[in-house]
Amino acid sequence: MSSSDKAAVGTSQAPAEDLVWRADVDRSCRVPVGFFFASAVFWLLVGTLLAVLAAKKMHTPEFLANWEFLTFGRIRPAHLNTTIFGWASMAGVGVLLWLEARLCRVRLPLGGLLVAGCTLWNVAVAGGTYEILAGRGTSVEWLEFPYFWSFFFAGVFGVVMVASIMMFSARRVSHIYVSQWYLFGSVLWFPFLYLMANTLIHPGALGGVVQAVANWWFAHNVLGLWFTPVGLATVYYLLPKLLGVPIHSYHLSILGFWTLALFYNWAGTHHLIGGPIPAWLVTVGIVGSMMMFIPVGTVAINHHMTMRGHFHRLLDSPTLRFTVFGAMSYTAVSVQGSLTSLRMVNEVGHFTHYTVAHAHLGVYAFFTMVMFGAIYYIAPRLFHREWASARFISLHFWTVAVGIALYWVGLTLGGWRQGLMMNDPDIPFLDTMAFTVPYLWSRTLAGVLMAVGHVVFAVLVWRMVFGPGGLRTGPTLLRPRVAAGGEGVDA
Amino acid sequence: MVGLVIGLIWGAVAVFGLTAVAGLVWAVQHGQMERFAEGARSIFDDEEPVGEATDATLRRPRQSDPEMGPEHKEGA
């Protein structure tokens with residue numbers, strides 16, 4: 001028993017009611033949420049390996065070119081789907097369930113079903129990835145898993161939706177905090193979106209440009225109606241809790257949610273600027289994208305003003321570092337996205353590495369960083385352990401932060417120049433391709449940096465879940481208490 | 001067929017919008033748009049009050065630090 005353990009046991013005051021319900025909620029989440037987190041980290045490693053291989057193939061196409069399953073056309077969608085449906089969605093579901101239970105102040109229901117669902121989800125990601133690598137991907141971007149596997153995801157989403165409704169119905173608080181609005185929105189909207197897109201696209205009901213319309217309506221809304229609400233809900237909960245100050249303007253936070261709900265799902269067709277579809281359809285997407293300045297502005301003001309005067313706390317808390325990095329990236333990617341939807345900008349950036357950089361700014365610099373921060377906050381409360389190494393946490397942060405910054409800067413600059421060159425009929429296409437090679441090397445270097453960070457993170461999570469020793473208390477759990485039954489509960 | 005598909009897609013968009021509007025009406029009717037200052041503080045309580053940070057994983061312990069209990073200083 002460590003000295004801190006002894007200190008915990010020695011603190012024999014009776015726990016307050018708030019400590020008891022929080023410990024109870026965390027206990028109910030331990031297995032299901034822990035399973036989702038562990039699975040997410042596994043798929044993060046798989047997706048990262050595929051990403052680094054794909055990045056290297058962009059500037060060294062002969063690399064591992066003798067195996068069909070390792071060709072770029074298979075590795076790239078395998079990377080996309082393992083990170084989207086494996087890492088990001090599984091981490092998102094875990095965080096969503098924990099946050100909802102905490103905000104509703106009720107135990108997480110359907111624990112057994114959620115564990116079974118997580119198992120099925122893993123099977124579906126593994127099966128779908130195998131099919132892509134075997135050459136049976138659908139070639140529909142963001143929906144490359146064959147149709148069969150979508151039923152697995154839909155089923156698990158259904159369980160998550162039912163669990164969310166049960167918690168919402170049984171909530172022990174009258175006020176619905178802004179994070180709950182975001183979470184409930186994502187839980188209600190995304191399963192419908194996912195089922196509809198799969199049903200429209202995969203059975204062959206759609207073809208040609210109409211398929212592309214449905215495809216990009218779906219793909220953009222994966223960000224807008226799934227990752228964005230979950231990510232922002234997490235920031236709106238963690239930022240005030242970490243700092244110990246309420247959000248700067250609660251009015252703005254509510255306005256931000258409702259304007260996101262009204263505007264975001266119109267924006268997807270801006271991906272088809274220049275395509276052979278009705279001009280009004282694209283224009284509606286552009287208008288929706290520009291209207292997004294309203295919710296993004298509310299979030300940016302709120303995050304910055306809440307942090308003002310507290311930036312020194314970034315030194316103390318890994319969760320705060322990752323969360324603030326993610327929140328700032330949300331503003332950046334949203335502003336960039338709205339501007340990129342304009343025809344005059346899009347005609348340069350489209351079909352270049354600029355778009356790839358933008359996508360990673362959203363899914364990685366925003367959402368993934370927020371998920372890292374959330375897991376750093378939640379896991380000690382689930383497992384009653386401290387993180388094994390503060391140095392490893394710092395190493396994780398700096399490798400991924402520098403990595404994604406390098407990635408975005410390199411591909412944005414290179415991609416924009418690439419677009420300008422491709423629009424110039426006097427420049428041979430091969431010259432344009434040769435020009436991008438140094439920028440593609442920066443992408444590989446960035447990928448390796450992020451891969452190092454992910455391995456470090458995986459080691460930390462492994463030690464958290466399976467590490468030696470019993471309950472420990474310290475700088476994350478802060479103030480240990482002893483429950484009436486003798487079990488330590490964290491504050 | 002194309003008309004049907006476009007109709008379905010925009011129908012879905014309308015469903016999303018109507019869901020949001022229905023939620024907004026419900027929120028107004030149930031007092032969720034009132035007492036915002038109180039709402040902002042609803043995630044705090046007696047054990048995790050306003051003014052108290054809830055994570056200091058990377059902080060080096062300082063005995064003079066008033067924010068942290070003695071257990072934290074020992075366990076950091």
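The values are calculated or read from the model by the stated rules, or taken from the named source; none is laboratory data. This is a predicted model, so every value here is computed, not measured. Neighbour counts are summed over all protein chains in view; Cβ atoms, including those assigned to glycine, are modelled from backbone coordinates with ideal geometry. Only protein heavy atoms, including side chains, enter the accessible area calculation; ligands, DNA and RNA are left aside. Shrake-Rupley method; radii C 1.70, N 1.55, O 1.52, S 1.80 Å.
Return the residue satisfying two criteria in turn: it lies in region A:306-332 and is small (Gly, Ala, Ser) and farther than 17 Å from A:Tyr364 by Cα, and of such residues it is nearest to the chain's Cα centre (by Cα).
Restricting attention to region A:306-332, the residues satisfying the condition of being small (Gly, Ala, Ser) are A:309, A:317, A:326-327, A:329, A:332.
Pick out the ones that are also farther than 17 Å from A:Tyr364 by Cα and you get A:309, A:317.
Working: A:Gly309: 28, A:Ser317: 20 Å.
Checked region A:306-332; the qualifying residue nearest to the chain's Cα centre (by Cα) is A:Ser317.
Does region A:252-270 include one or more residues that are touching an Asp or Glu at 6+ places or on another chain (Cβ under 9 Å), at pLDDT 90 or above and surrounded by 19 or more Cβ atoms within 10 Å (Cβ to Cβ)? Please lay out each step first, then the result.
Step one: list which residues in region A:252-270 are touching an Asp or Glu at 6+ places or on another chain (Cβ under 9 Å), which gives none.
No, every residue in region A:252-270 fails to be touching an Asp or Glu at 6+ places or on another chain (Cβ under 9 Å), at pLDDT 90 or above and surrounded by 19 or more Cβ atoms within 10 Å (Cβ to Cβ).
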request  = Just need a number here: residues in region A:348-360 that are open to solvent by 20 Å² or more (accessible area, probe 1.4 Å) and hydrophobic (A, V, I, L, M, F, W, C).
outcome  = 3
task = Please enumerate the residues belonging to region A:218-231 that are within 9 Å of another protein chain (Cβ to nearest Cβ) and either open to solvent by 10 Å² or more (accessible area, probe 1.4 Å) or under 13 Å from the mean Cα position of the chain (by Cα) (or both).
result = A:Leu225
message = Looking at A:Ser139, A:Ser89 in this structure, which one is on the phi > 0 side of the Ramachandran plot and out of contact with any Pro (no Cβ under 6 Å at 6 or more places or on another chain)?
response = A:Ser139
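Could you grab me the full set of residues in region A:318-362 that are more than 14 Å from every other protein chain (Cβ to nearest Cβ) and of a type in the set (Val, Ile, Thr)?
Our first condition is that a residue be more than 14 Å from every other protein chain (Cβ to nearest Cβ); within region A:318-362, this holds for A:325-362.
Matches in region A:318-362: A:Thr331, A:Val333, A:Val335, A:Thr340, A:Val345, A:Val348, A:Thr352, A:Thr355, A:Val356.
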inquiry  = Could you tell me how many of the residues in region A:167-176 are surrounded by 16 or more Cβ atoms within 10 Å (Cβ to Cβ) and assigned to a helix (DSSP H, G or I)?
reply    = 2
inquiry  = Here is a check on your reading of the model: is A:Ile294 at pLDDT 90 or above, of a type in the set (A, V, I, L, M, F, W, C), more than 23 Å from A:Ala91 (Cβ to Cβ) and open to solvent by less than 20 Å² (accessible area, probe 1.4 Å)?
reply    = no
ask   = Within region B:21-49, restricting attention to residues that are at the interface with chain A (Cβ under 7 Å from one of its Cβ atoms) and over 14 Å from A:Val178 (Cα atoms), which residue is most open to solvent (accessible area, probe 1.4 Å)?
value = B:Asp46
query = Take the residues of region A:363-393 that are over 21 Å from the mean Cα position of the chain (by Cα) and more than 22 Å from A:Ala405 (Cβ to Cβ): which is farthest from the other protein chains (Cβ to nearest Cβ)?
reply = A:Phe383
key: Hey, A:Tyr376 hydroxyl-bearing (Ser, Thr, Tyr), under 22 Å from A:His303 (Cα atoms) and either open to solvent by less than 10 Å² (accessible area, probe 1.4 Å) or at pLDDT below 95 (or both) or not   = yes
note = Given the conditions (1) within 21 Å of A:Leu440 (Cα to Cα); (2) surrounded by fewer than 19 Cβ atoms within 10 Å (Cβ to Cβ), every one holds for A:Met58 apart from (2)
task = Return the only residue of A:Gly297, A:Gly309, A:Gly285 being more than 10 Å from chain B (Cβ to nearest Cβ) and in contact with a Ser or Thr (Cβ under 8 Å, 6 or more places away or on another chain).
result = A:Gly285
remark   = Of the candidates A:Ala197, A:Ala154, A:Ala214, the one satisfying the condition of being surrounded by fewer than 22 Cβ atoms within 10 Å (Cβ to Cβ) and either part of a loop (DSSP other than H, G, I, E, B) or not aromatic (Phe, Trp, Tyr) (or both) is A:Ala154
message = I'm trying to understand the selection: among the residues of region A:232-277, which are within 7 Å of chain B (Cβ to nearest Cβ), over 23 Å from the mean Cα position of the chain (by Cα) and part of a helix (DSSP H, G or I)?
response = A:Tyr250, A:His251
task = Return a yes/no flag: does region A:186-198 have any residue that is in contact (Cβ under 8 Å) with a residue 12 or more places away in the chain, among the hydrophobic types (A, V, I, L, M, F, W, C) and more than 12 Å from chain B (Cβ to nearest Cβ).
result = no
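Return yes or no: is A:Val284 over 19 Å from A:Ala374 (Cα atoms), assigned to a helix (DSSP H, G or I), modelled with pLDDT under 95 and open to solvent by 10 Å² or more (accessible area, probe 1.4 Å)?
Numbers: over 19 Å from A:Ala374 (Cα atoms): yes; assigned to a helix (DSSP H, G or I): yes; modelled with pLDDT under 95: yes; open to solvent by 10 Å² or more (accessible area, probe 1.4 Å): yes.
Criteria met by A:Val284.
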